[in-house]
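What follows draws every value from the coordinates through simple rules; no lab data is involved. All values reported here derive from a predicted model rather than from experimental measurement. A quick note on method: Cβ atoms are made from the backbone with ideal geometry, for glycine too, and the neighbour counts reach across all protein chains shown.
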């Protein structure tokens with residue numbers, strides 16, 4: 001390692017130490033917001049194992065519980081939510097056959113549908129403006145997403 005590289009590393013190390021207290025104060029003031037996107041059929045209660053993909057749905061429920069408990073135990077350092085969308089519809093991204101198959105699948109499983117734009121708008125809104133509640137169901141994603149998209153349209 002050349003002398004220039006050593007000087008650069010020493011300078012970087014010194015600056016990192018100089019900024020550490022300010023970064024720590026900033027992180028203490030504002031919680032980290034984390035939104036875990038799961039699925040509508042993720043089940044946290046093992047006694048309510050779904051009949052379709054039961055183990056998979058329970059595994060998703062365990063992940064949801066882990067995220068929410070981690071935030072609860074963080075003493076305010078982390079704010080978390082779980083988004084539970086149904087089938088995320090991305091217009092123009094699926095063939096007619098896939099669209100028909102997904103409609104049949106949604107009917108059999110009872111899976112709700114949400115537009116990809118609504119999901120994206122909701123996740124951004126919740127990350128920036130604060131988390132409304134710890135579990136955002138499909139209807140919440142639609143409601144919050146439509147409101148955020150309407151506000152965006154007004155501001156343009």
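At-a-glance table
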| quantity | calculated |
| --- | --- |
| Sequence of 154, 72, 84 once ranked by neighbouring C-beta atoms within 10 Å, starting from the fewest | 154, 72, 84 |
| Sorted by Cβ density within 10 Å, fewest first, the residues 70, 36 | 70, 36 |
| Stretch gain in nm, segment residue 132-residue 77, where the contour uses 0.36 nm per residue and the Cα spacing is subtracted | 18.1 nm |
| Distance-filtered residues of region 113-132 - backbone nitrogen under 14 Å, label point 7 angstrom along residue 102 Cα→Cβ | 113-120 |
| Ranked list, fewest to most other Cβ atoms within 10 Å of each Cβ, for 149, 101 | 101, 149 |
| Gyration tensor verdict on region 31-155 (Cα atoms; rounded if a/c is under 1.5, prolate if a/b is larger than b/c, oblate otherwise) | oblate |
| Region 31-155 - percent relative contact order, Cα under 8 Å, separation 6 or more | 27 percent |
| Förster-model FRET efficiency, 22 Å R0, residue 53 and residue 113, C-beta, rounded to 0.05 | 0.80 |
| Efficiency of FRET between residue 146 and residue 65 - r from beta-carbon atoms, R0 25 angstrom, step 0.05 | 0.30 |
